Protein chains: 2
Amino acid sequence: MVRDTGRIDRQRCIELDRADPLAPLRAHFTMIKGLIYLDGNSLGPLPSATPARVQEAMTVEWGRDLIGSWNIHDWMQLPGRIGNKIARLVGAGENELIVADSTSVNLFKVLTAAVQIVRRDTPDRTEIVSERLNFPTDLYIAESVALANGLTLRLVDIDPEEGVDAVLDDATAVVLFTHVDYRTGRMHDMSSVTRSAHAAGALMVWDLAHSAGAVPVDLAAAEADFAVGCGYKYLNGGPGAPAFVWVNPRHLAEPQPLRGWLGHVSPFEFTPEYRPAVGILGYQCGTPPILSMVALDCGVDTVLAADEYGGMDALRAKSLALTSMLIELLEPVSAAHGLRVVTPSEPSVRGSQVSFAAPEGAYSIVQALIARGVVGDFRMPDIARFGCVPLYTRFVDIWDAVEHIRAVLDSGEWREPRFAARSAVT
Amino acid sequence: MVRDTGRIDRQRCIELDRADPLAPLRAHFTMIKGLIYLDGNSLGPLPSATPARVQEAMTVEWGRDLIGSWNIHDWMQLPGRIGNKIARLVGAGENELIVADSTSVNLFKVLTAAVQIVRRDTPDRTEIVSERLNFPTDLYIAESVALANGLTLRLVDIDPEEGVDAVLDDATAVVLFTHVDYRTGRMHDMSSVTRSAHAAGALMVWDLAHSAGAVPVDLAAAEADFAVGCGYKYLNGGPGAPAFVWVNPRHLAEPQPLRGWLGHVSPFEFTPEYRPAVGILGYQCGTPPILSMVALDCGVDTVLAADEYGGMDALRAKSLALTSMLIELLEPVSAAHGLRVVTPSEPSVRGSQVSFAAPEGAYSIVQALIARGVVGDFRMPDIARFGCVPLYTRFVDIWDAVEHIRAVLDSGEWREPRFAARSAVT
């Protein structure tokens, strides 16, 4: 049933896995036997090192050394230390990126700073521009910032022919895009979009939620202005892991709007006057959740462990091999069942996931797959989404997942009442 | 050397501990043998239940059940479930209080909402009023909110004779006080101050960082408007534990300014339009750090464990016995060495800590005590601070701590170079 079975079959996938130079990285994770986990783009799996490390943070650092651990175990510097690790994955310099708060809260900080910078010189720029199909929290926060600053949030649909330039003008203050679309996995050209924003006189804010650790990112080369990203997806930091924020050094003089004590240049002077810390440290606000920070540190290390196997370039090559295979194998299934693969077939504009739209029953299809031990996820209104993470996803997983997808569709088992849409949480 | 040794001595303290009905609660914590930990007002100690519970959250929930845990283990409801537990400690109703973000970020939410409410009807009210010696993050965030809304932050010193009324007027929009002062341990009369704020036509925001789990609080009886508080002090939630936020139901219709996806009425509809969740759920913003949340849950349970021993009333009675004894024992030491106990001797206005000012060498005194295994902390400019937490602090700890304080001062060992002031972090 698979097209061109002479070229690709299960045995060939097993051989690809045997020959995969990145294969040893899978041992860095606690993978569940018999489960094909293709949802690392929503919640990365548990790294093998995390439980012992968090246990140590609890019993030795917190339990034994107590308050002294802020110094002894350098909890104070943890957000910056992890930030510097993430920086290497996204083309940021030393001390330009820090871990803090959530993606949403960090977006509030950078969007506000960006708006303030632009409006100082060009107060007639009144719009934050984002994509209608951007991840909702980006839009909600952008609306918060727009409201608080007397601006408007303008939502656009980018016509692939006309590009981004067509939607920007001299009313644009700030452009907020997510680099890799959470539904389709389509990836923007970061340099090109940033150039368009700058050409229009606007600043560019990137959300790297589906990029950091997933695809090569070079914020410096793109000359981006601000970026935020997520710790619990491709960085494997654990549920609700703290997020990160990057600011181009040229904008660091601009204060961010959430002036908490940990963003102060000298928090333990306890002075009533706020003086921001130098550089990215000023983007901290309150006290960071150390246990979740420690888990994030372990997660980031799983990505950096790829360094000795070729790093992000090697990860990207395998990611594209995985997603290309998944798209190719899905094609005949799609043809037979009226599905539509919505992830670009062109590799240069593809993130590290593959999604299909099922006009009927996407939620139920995903549920039926989960019952079979293939974990993807559903996204409104009709998207079934499958993350392919080269750190731990195998070619044979892709093969088997497609076999299950085919079986679920051929048999019609997804129509069983037990798979019917409920209040979908994940 | 101790005044009235016939009435109080070490043996008497041991007897008080033997007779203490709350003594079994100490077993809920991992206490370090030989260490007298009087810094639970900065970082509560590790509850015995926490390591296994967080381990389970890592290996079973995250590791095995992966993304499904948002439903299976109800991570989605965790902030509200813990919030309802904390609500019982601060006189809040069901579904009025939620765990989210940091104290600083929550302050930004409630201060902004409060300002918006007041300014809608009385736009001529242009001031947020707080105490000059309030914890700095409160002042920094209040200044952020003032700046963002065209208001002024006015810092006041309350004259005990004249009271709060004297500093409020028809320019006051919002009053932000911390219930228990972090330096002196002086406690405001919540009802009285709130009445003054309301009488002046302002709204009242309380910071409960040093109150929740430490002293009886009744937000409803005080008719307060908003409150925030900290998870890592008397709630024993672990370093940087998530914070909490309470909103009087009469103000819940007012949107808060950080519109993240988890504050949406239906986050998984992924609609571009923000519609706030009903009630306090709308005060969530981004995805919560689950591992730190789970630890906080265990911490809050250690306070609720006092319920079977008389609850907060019993905790308060022991707290006052501990702090009264500490003040009494410190008096002759103070007299001999020029210290000044700055914590009120009047129990009704005292929190759960005792502090003394040492015009010379407070930092070094605290360091010398730490070297002797007595952990308090230093606060600028001259405060040595000792938290007395009835869940685990014993009367004999107070006795021994004072003996060490006396020894450090009598011997002058605090003048040794190894105790000299460095960059003080905690």
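Compute the relative contact order of chain B as a whole-number percentage, counting only Cα pairs closer than 8 Å that sit 6 or more residues apart in sequence. Walk me through the numbers on the way to the answer.
Working: 815 pairs, mean separation 92.4, N = 426.
Relative CO of chain B lands at 22 percent.
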One finds, for A:Arg250 and A:Ser345 with R0 = 35 angstrom and r their Cβ-Cβ distance, a FRET efficiency to the nearest 0.05 of 0.40
The size of the Cβ-based charge dipole (Lys, Arg +1; Asp, Glu -1) of segment B:74-305 about the Cα centre, to the nearest 20 debye, is 600
At the level of C-alpha centres, the distance separating segment B:345-373 and segment B:15-90, in angstrom, is 27
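Where both partners of a DSSP beta bridge lie in the protein assembly as shown, what percent of those bridges are antiparallel, to the nearest 5? The partial results should precede the final answer.
Details: 42 of 80 bridges.
Of all bridge pairs located within the protein assembly as shown, approximately 50 percent are antiparallel.
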Length-normalised contact order of segment B:74-305, Cα under 8 Å, at least 6 apart, in percent, tallies to 25
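Nearest 5 percent is fine: what portion of the DSSP beta bridges confined to segment A:74-305 is antiparallel?
On the way: 9 of 26 bridges.
In segment A:74-305, DSSP labels about 35 percent of beta bridges as antiparallel.
DSSP beta bridges in chain A, what fraction antiparallel, as a percent rounded to 5?
Details: 21 of 40 bridges.
The antiparallel fraction comes to roughly 50 percent.
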The answer for A:Arg154, listing residues at least 5 apart or on another chain whose modeled amide H is closer than 5 Å to its amide H, is A:Ile128, A:Val129, A:Ser130
Note: probe point = Cα of B:Arg53 + 7 Å toward Cβ; backbone nitrogen < 17 Å; residues of segment B:63-86 passing the test are B:73-86
To the nearest 10 degrees, the tilt of helix B:136-149 (Cα long axis) against the first principal axis of the alpha carbons of chain B is 20
Of all trypsin sites (Lys or Arg not before Pro) in segment B:330-426, the ones in DSSP coil with at most 10 other Cβ atoms within 10 Å are B:Arg422
Working note, the protein assembly as shown: Cα radius of gyration (Å, one decimal) and Dmax (Å, whole number) are 28.1, 96
Stretched fully, the stretch from A:Asp74 through A:Asp9 gains (0.36 nm per residue minus C-alpha distance, one decimal, in nm) 18.3 nm
So the angle from the long Cα axis of helix B:190-199 to the longest Cα principal axis of chain B, reported in degrees to the nearest 10, equals 40
By the mean-Cβ-within-10 Å protection proxy, highest first, B:317-324, B:305-312 rank as B:317-324, B:305-312
Per its Cα gyration tensor (rounded if a/c is under 1.5, else prolate when a/b beats b/c, else oblate), segment A:188-328 is best filed as oblate
Expressed in angstrom, Rg and Dmax over the Cα atoms of segment A:74-305 are 16.8, 56
Residues whose built amide H sits under 5 Å from the amide H of B:Val265, excluding neighbours closer than 5 in sequence, are B:Arg275, B:Ala277
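Pairs A:Lys85/B:Lys109; A:Lys233/A:Lys318; A:Lys85/B:Lys33; A:Lys109/B:Lys85; B:Lys109/B:Lys233: which are spaced more than 29 Å apart, C-alpha to C-alpha? If you can, show how the numbers build up before the last one.
Values: A:Lys85/B:Lys109 31 Å; A:Lys233/A:Lys318 18 Å; A:Lys85/B:Lys33 37 Å; A:Lys109/B:Lys85 31 Å; B:Lys109/B:Lys233 21 Å.
Flagged as over cut-off: A:Lys85/B:Lys109; A:Lys85/B:Lys33; A:Lys109/B:Lys85.
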If unit charges are put on Cβ atoms (+1 for Lys and Arg, -1 for Asp and Glu) and the dipole of the protein assembly as shown is taken about its Cα centre, the option from B:Leu97, B:Ala171, B:Ala222 lying farthest towards the positive end turns out to be B:Leu97
Output field shielding_mean for B:18-26 (other chain Cβ, 10 Å radius) holds 0
Taking the alpha-carbon centre of each part, the distance from segment B:115-182 to segment A:212-245 in Å is 37
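Can you pull out the GluC sites (Glu not before Pro) in segment B:61-155 that DSSP calls coil and that have at most 13 other Cβ atoms within 10 Å? Working shown, then result.
Working: sites: B:Glu61, B:Glu94, B:Glu96, B:Glu127, B:Glu131, B:Glu143; in loops: B:Glu94, B:Glu96.
The qualifying sites are B:Glu94.
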Ranked by GNM mean-square fluctuation in chain B (Cα springs under 10 Å), the top entry among B:Gly91, B:Gly80, B:Gly68 is B:Gly68
A:Asp218 and A:Asp159 label points (each 7 Å along its Cα→Cβ direction) are spaced in nm at 3.2
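Quick one: dipole size for the protein assembly as shown, taken about the Cα centre, charges +1 on Lys/Arg Cβ and -1 on Asp/Glu Cβ, in debye to the nearest 20.
So the dipole magnitude of the protein assembly as shown works out to roughly 1480 debye.
Taking every residue in B:107-113, how many Cβ atoms of other protein chains lie within 10 Å of its Cβ, on average?
Details: counts 4, 8, 0, 0, 0, 2, 0.
Going residue by residue through B:107-113 and averaging, the value is 2.
With N residues in segment B:212-278, what two-decimal value do you get for its Cα radius of gyration over 2.2 N^0.38 Å?
Normalised by 2.2 N^0.38 Å, the Cα Rg of segment B:212-278 equals 1.39.
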Connecting every pair of Cα atoms under 10 Å apart in chain A and solving the GNM, the largest mean-square fluctuation among A:Thr194, A:Thr287, A:Thr50 falls on A:Thr287
Taking Cα atoms only, helix B:10-19 is inclined relative to the longest principal axis of chain B by an angle, in degrees rounded to 10, of 40
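Residues of A:131-138, mean number of Cβ from any other protein chain within 10 Å of their own Cβ, rounded to a whole number? Kindly include the intermediate steps, with their values, before the conclusion.
Details: counts 1, 1, 2, 1, 3, 12, 12, 3.
Average neighbour count from other chains, rounded to a whole number: 4.
For chain A, what is the Kirkwood hydrodynamic radius in Å, using each pair of distinct C-alpha atoms? Let's see the in-between values first.
Details: mean 1/r = 0.0444 Å⁻¹.
Mean inverse Cα-Cα distance, inverted, gives 22.5 Å.
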Dipole check, chain A, charges on Cβ (K,R +1; D,E -1), about Cα centroid: among A:Ala113, A:Gly412, A:Met76 the Cα furthest to the positive pole belongs to A:Gly412
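Values in this text are rule-based calculations from the coordinates and carry no lab data. Since this is a predicted model, take the numbers as computed values, not measurements. No Cβ is skipped: glycine too gets one built from the backbone with ideal geometry, and neighbour counts run over all protein chains shown.
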